[in-house]
């Protein structure tokens, strides 16, 4: 069984070895960063990469009093081609005076700056790559994503060799194609299946729908399935609706919640969604994720019998309000 | 269209007309109770009926400093034949020194006591009945539950007469039989369908899965589908598993969360669940409810790709831990 995880490949950066440059891969990395913060009292940080670790690092550094700039190579954050989600993250970062610059390619880290941003601390949180070398040497084939390809029993092309977790692909149940979305949840599930089968079992890991969440300054940014852009790239004809609602009754301190749902115009099938808010983003995203597993249509999703009482929700839960809006667009 | 709602039938109680006896059906009722609390300074309250309003009233009266005893005719609370849920509610009530007595039939309200419980304030929150008289006079038939029977277009047996909401039945998607579970969520959904069809539309209301939640002293008690007892009564061979877990990572102040799942031994189909806890009970119950709409099996439910980050969940969400346990029992 192969479960070799990922590495953060900093070799692309000149100057990655300097003492003020950090990755966050192990507990020792965090301890080293904490010691640097205490001993060197840096004031200006640059975070390279706006995925989960990058945004969490920006949050933590800002709370520690540093000025923070986040540089992201692609046009969007959180590894998701989703302009609206990026705008929502940018808004929360800016509310806390963290600057986000997308479309910035970093090739070298200077002692006192990255790109044109002066800094005395750099966190590199990009360049995630699956560790496939051991597998390749054993004759195991990687898929199109660059991670190890397996069947739904997590067995590779070499009989008796199984792969699971951050080094391996998983079937994306919305696109029907293998995807590389390395997260602890699916690694854990796939690892159990790989282990059981390596020990003679007959278990299946059906796949993932790409659900994830990250907290940035008390706001949850959660996503599942495909964005409009991802759906189009996967060959669907996406239609989307985005609504703002309260997470619960106003008199129970309901928080602003933004829900976007994406569906396929041809079939009415739900393809994905995002939920952004301080309260209940995970639970609402999980409802969408469950509907994706069930290949539910928006018209059926709209009729879901969800829990309501004023301290917990509104009569029409925000995800259902989004579904109503989406049905009008379809 | 008929949408006449419910009434709280207090006619069964002798002494229901006394000035210290209240129902909570309208805003005026609440104002009258508030005035009584201010002017008469009652110290001991009895709440008759341990459904949603009864438990919320007990909570509010206790927070206002009164001693509170809740009397419930049936063996269980919240209109659900579920001994474990009742035990969980009892525990939280007792933690706040509210006494719950089940199996107590109240036939008369004395000026200074109900049953053998001394009191100077009584809230009657039981005897909920659908208002079907107008419908019956029009030739509309009630179903076995006593509420108005409709088809999935919310049309009654009389062509052109539609019924929706607290006076009408709805199809229970787990049992496949009409049920009477009067709640604002399904009333709202069914009312829209009835209205659209009365105006010439062709909409369907597929039905409900019996999802609800109530907050009692900061703890959410949420349920969906069938309890073990209800599943048995509906002809299933129920198997259940109940687990305790944290709502999120311990270092992010994760709260104790109890999840019970019920499945059918013959088919492995998920039949229902309850979630009890201070944090995330609604969202987790909604995941179970969505799976019930999709007629999901436990083995598929266990593989759901749910959102994880330490401020929001554990790697295996509590509902998935419960599913793992249930698979062992099946």
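Read the figures in this text as sums done on the coordinates, not as results from a lab. Here the structure is a predicted model, which means the values were calculated and not measured. Don't worry about glycine lacking a Cβ; one is built from the backbone with ideal geometry, like all the others, and counts go over all protein chains shown.
Observations, loosely collected:
- Looking across the stretch A:122-138, just one residue is buried (at least 23 other Cβ atoms within 10 Å of the Cβ) and in a helix (DSSP H, G or I), and that is A:135.
Conditions tested, residue by residue: (1) at the interface with another protein chain (Cβ under 8 Å from one of its Cβ atoms); (2) more than 28 Å from residue B:51 (Cα to Cα).
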{"site": "B:188", "(1), (2)": "yes, no"}
{"site": "B:194", "(1), (2)": "no, no"}
{"site": "B:200", "(1), (2)": "no, yes"}
{"site": "B:205", "(1), (2)": "yes, no"}
{"site": "B:209", "(1), (2)": "yes, no"}
{"site": "B:216", "(1), (2)": "no, no"}
{"site": "B:221", "(1), (2)": "no, no"}
{"site": "B:224", "(1), (2)": "yes, no"}
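- Of all residues in the stretch A:300-330 being surrounded by fewer than 19 Cβ atoms within 10 Å (Cβ to Cβ), in contact (Cβ under 8 Å) with a residue 24 or more places away in the chain and facing chain B (nearest Cβ under 9 Å), the one that is farthest from residue B:319 (Cα to Cα): A:310
- Within the stretch B:188-213, if we keep just the residues that are in contact (Cβ under 8 Å) with a residue 24 or more places away in the chain and closer than 17 Å to residue B:6 by Cα, the residue that is farthest from the chain's Cα centre (by Cα) turns out to be B:191.
- Apart from one condition, residue B:247 fits all of (1) touching a residue at least 24 places away in the same chain (Cβ under 8 Å); (2) closer than 26 Å to residue A:302 by Cα; the exception is (2).
- The residues of the stretch A:33-67 that are in a helix (DSSP H, G or I) and exposed (fewer than 15 other Cβ atoms within 10 Å of the Cβ), listed by number, are A:34, A:35, A:38, A:39, A:40, A:63.
- Total residues in the stretch A:276-296, condition under 16 Å from residue A:227 (Cα atoms) and more than 9 Å from chain B (Cβ to nearest Cβ): 1
- Put simply, of A:75, A:57 the only residue that is in contact (Cβ under 8 Å) with a residue 60 or more places away in the chain, touching a strand residue (DSSP E or B) at 6+ places or on another chain (Cβ under 8 Å) and farther than 30 Å from residue A:153 by Cα is A:57.
- Subset of the stretch B:167-185 (residues that are more than 11 Å from chain A (Cβ to nearest Cβ) and under 16 Å from residue A:309 (Cα atoms)): B:182
- Any hit, the stretch B:160-169, residues being in a strand (DSSP E or B) and surrounded by fewer than 17 Cβ atoms within 10 Å (Cβ to Cβ): no
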